[in-house]
Amino acid sequence: MSKYSITPDAIAAKLNQPGPKLMTQPIDRLPAPTTEQSISLTLEQLRPYDRNPRTHHNPKYDEIRESIRAVGLKQKLSVTQRPGDDRYMISDGGNTRLAILNELYEETGDERFFHQDCHFMPWQGEINVLAGHLAENDNRGQLSWIERARGIFEAKRMIEDEAGERISQRELTRRLKSLGFSISLSNISKMLYTIEHFLPTLPLTLDSGMGRPQIEKLIAYRQFCEECWERCRDHWKAHADDLGEGERWAICVVDGDFAQAWHDEMIQLDHDGQTEFRWNIVEDRLKGMLHDHTGLHFNPIDMAWKNWFTVRKYGRSASEEERADVWTTVDAELERLRHPQERHLYPPKEDGSLKTSKTAGTHSLPSSGNTDIEGDAGKKGGNKGEGDSSDRTGPAFENGSTDQPPQTPRKPDESGVPTAGGVDESIEMKTMRAQLEELEQRNAELEAQSPQAPVASSVDGHDGGAEDFGGLLDADGVMREHSPQPARSLKEQDTLIDDLTLSPYEETEGHRQLRHMMAREHGEEAIDFEAAALKSVPLMSGGPVAPITDLWHVPTWRRNARDLRMQIGEVVQALAGWAEIEASGLSDVIRLNAREGLGFELGPLGDNPSRRAQLVWQLLAGFLGDIDPRLPADISLLGELIGSCGTDSDVRLPDGLFIRVFWLTRLIRVLRDTLDNAERESQ
């Protein structure tokens, strides 16, 4: 038997046979390590943390960038990898450094920026990564209050989703500490309060960097208002069945929504670039809100405010009496509102058992002895100087112009009859009451007249003299304001105000008092539309902007750059609303900015804008000195807006906005002067 031998062709055939078929998908990358270690990665393999609590630009960005450009990255990036992800993610801070590395590599193409040695940590969970970023940024002190608050809120949500139940703030503090992020329970409470109650109402102010001291103060303000609101609500609920038809207004407190009222009031104070409120304005507006919704007078609200904050200041050291007195004035005011008393006159009105008759010279007074007392001096042995009071009951005494001073009445004897020489007490009380009623009626008539109503220089054809102050006294001896203008009747004044009112502008009493208070503090007189309308040519037009009362005067207390920009922004927003252009602190077309420039910035108008939008945008661009050559010229557009040229009436400015264009130019001129003066003073 011969031995089998393999030929070269057989060997070649064996080698050319296909191998076993691959049963799994091919891979193009290695899996993530399972242990903590160093790893070399490229920028293409790295991504930033998509839930980074930092939402604002790092203030040290330029400084970090120059350092990395000069010496490279000194500290390794800490990375991890989500299950199923194809790239590595920043785990414990480093998003800013990763962004700088990408920027420098695109700019220079240097490979030392492209390849990085990183510190890898195995995946432990979303909450661990978030806690790592919070701890890293918090240690560097680079997060604002609202950024930390958003991070804490997100961490709480993650922990509750993982646990399947709600957790307390104390438990949240403990769990974050176990993850390496230590924060006090007090701060967690304030941050969650900020997210719930302040972020929806004050997003621009919070994102601008409002800090903890201001947040703590705002929390106290809101807590007082809420307690006062609830106290009023509980009071009216407890006595809802006792309310009469005239007290049904109180139901608004029972059914009112405090959170909505707070939001509506405070959202008006939210501005971009603002990091601290003018607290006197906030305080006044909140007191006005409580007054409008609860019916409480300002005085009891103010007293409760002072007491509440005094007790809060001293905390546990405050006495029980101080704590009990916090709401005393509010409770008393609520009782007064629930039991409105009849308005009393002094002296008080007599009851039906005491009747008085008056003749030319005789007074009669019923007494227990049914004795008639005649006022004649010859009877009862009296004399005119002691017993005759007829001179006091005539017209001269009732008008208060007699030269004879009233005598002190003497006490009647046991029979109810005044002693010799006494004055009939009931007659004098009735006389005093008649005088008081007459004065109150006269005062009401004067209040109904406008304080600026001009009068003629003489009364009833009398030229006047030293006796009547040159004719400035009316027939009742009341001094009137001198005015060179011709006299207007009340009907004429009302007609003038109606003609100048395009649409009503409702101003609460609290807001009006605030304007007057601020004007007095700066030595000026606040201007009200109804008063100024009689002396100048203002215009009332409802909307977000107050009525125009003076096209030239800007109050001293509103002549700082920030306030001027805010006023400019209000007018710009009104113009933009008419042109249907978005104008806000976050808009890309017209961005309101109270920190710099003229108070607004312009971005691209977009595709296919309306004619209104083109004209208004170009008008505002003309104020900035940077018009768009593709839009209508800055001179011709003014003619279309005014209505002096063009055929399209739809682009003609309404009267209210037309007047405000002039007011806008005045505000811009004052702002320029203010900025120039500040620059000269700084040199």
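The values are calculated or read from the model by the stated rules, or taken from the named source; none is laboratory data. Model, not experiment: these values are computed from the prediction. All Cβ positions, glycine included, derive from the backbone under ideal geometry; neighbour counts span all protein chains shown.
Remarks
- Test result for ARG612, assigned to a loop (DSSP other than H, G, I, E, B) and either among the aromatic types (Phe, Trp, Tyr) or more than 16 Å from ARG515 (Cα to Cα) (or both): no
Condition check ((1) touching a Pro at 6+ places or on another chain (Cβ under 8 Å); (2) within 23 Å of THR665 (Cβ to Cβ); (3) assigned by TED's automatic domain parsing to the domain that holds LEU624) across all residues:
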{"site": "LEU500", "(1), (2), (3)": "yes, yes, no"}
{"site": "GLY510", "(1), (2), (3)": "no, no, no"}
{"site": "HIS516", "(1), (2), (3)": "no, no, no"}
{"site": "ARG520", "(1), (2), (3)": "no, no, no"}
{"site": "TRP552", "(1), (2), (3)": "no, yes, no"}
{"site": "ALA576", "(1), (2), (3)": "no, yes, yes"}
{"site": "ALA579", "(1), (2), (3)": "no, yes, yes"}
{"site": "VAL589", "(1), (2), (3)": "yes, yes, yes"}
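- Set LEU73, LEU104, LEU98, LEU77: member being farther than 30 Å from TRP145 by Cα, buried (at least 16 other Cβ atoms within 10 Å of the Cβ), in the same structural domain as GLU136 (by TED's automatic domain parsing) and modelled with pLDDT of 80 or more: LEU104
- Every residue from the stretch 639-683 that is modelled with pLDDT under 85, farther than 18 Å from TRP578 by Cβ and among the hydroxyl-bearing types (Ser, Thr, Tyr): SER644, THR647, SER682
- For the stretch 551-570, taking the residues that are in contact with a Ser or Thr (Cβ under 7 Å, 6 or more places away or on another chain) and of a type in the set (A, V, I, L, M, F, W, C), the one that is farthest from PHE662 (Cα to Cα) is identified as ALA561.
- Only a single criterion out of (1) of a type in the set (A, V, I, L, M); (2) under 31 Å from the mean Cα position of the chain (by Cα); (3) modelled with pLDDT under 85 is not satisfied by ALA613, namely (3).
- Residue match in the stretch 673-682 (condition: within 25 Å of PRO547 (Cβ to Cβ) and surrounded by fewer than 16 Cβ atoms within 10 Å (Cβ to Cβ)): yes
- Qualifying residue in the stretch 69-86 (condition: hydrophobic (A, V, I, L, M, F, W, C), part of a strand (DSSP E or B) and under 21 Å from HIS119 (Cα atoms)): yes
- The set of residues in the stretch 616-629 being part of a helix (DSSP H, G or I) and either modelled with pLDDT under 85 or under 22 Å from GLY273 (Cβ atoms) (or both) consists of LEU620, ALA621, PHE623, LEU624.
- Given (1) surrounded by 15 or more Cβ atoms within 10 Å (Cβ to Cβ); (2) closer than 19 Å to LEU202 by Cα, index of the condition GLY577 fails: (2)
- The residues listed here are SER178, SER144; of these, the one that is among the polar types (S, T, N, Q) and surrounded by fewer than 13 Cβ atoms within 10 Å (Cβ to Cβ) is SER178.
- Every residue from the stretch 263-284 that is part of a helix (DSSP H, G or I) and over 18 Å from MET303 (Cβ atoms): HIS263, ASP264, GLU265, MET266, ILE267, GLN268, LEU269, TRP279, ILE281, VAL282
- Listed conditions (1) surrounded by fewer than 19 Cβ atoms within 10 Å (Cβ to Cβ); (2) farther than 22 Å from PRO547 by Cβ are all met by THR665, apart from (2).
- All positions within the stretch 202-230 that are of a type in the set (Gly, Ala, Ser) and closer than 30 Å to GLU333 by Cβ: ALA220
- Qualifying residue in the stretch 178-187 (condition: touching a residue at least 60 places away in the same chain (Cβ under 8 Å), more than 19 Å from ASN52 (Cα to Cα) and assigned by TED's automatic domain parsing to the domain that holds GLY132): no
- Flag if THR549 is in contact (Cβ under 8 Å) with a residue 24 or more places away in the chain and closer than 20 Å to ASP528 by Cα: no
- Unique residue being in a loop (DSSP other than H, G, I, E, B), of a type in the set (D, E, K, R) and either closer than 24 Å to ASP270 by Cα or in contact with a helix residue (DSSP H, G or I) (Cβ under 6 Å, 6 or more places away or on another chain) (or both) when the list is GLU601, GLU570, GLU580: GLU580
- Taking the criterion of being in a loop (DSSP other than H, G, I, E, B), surrounded by 15 or more Cβ atoms within 10 Å (Cβ to Cβ) and in contact (Cβ under 8 Å) with a residue 60 or more places away in the chain, the residues of the stretch 583-598 that qualify are GLY585, ASN593, ALA594, LEU598.
- Residue check for LEU605: modelled with pLDDT of 90 or more, of a type in the set (A, V, I, L, M) and either in the same structural domain as ASP272 (by TED's automatic domain parsing) or over 12 Å from GLY273 (Cα atoms) (or both): no
- ARG565 being basic (Lys, Arg), at pLDDT 85 or above and in a helix (DSSP H, G or I): yes
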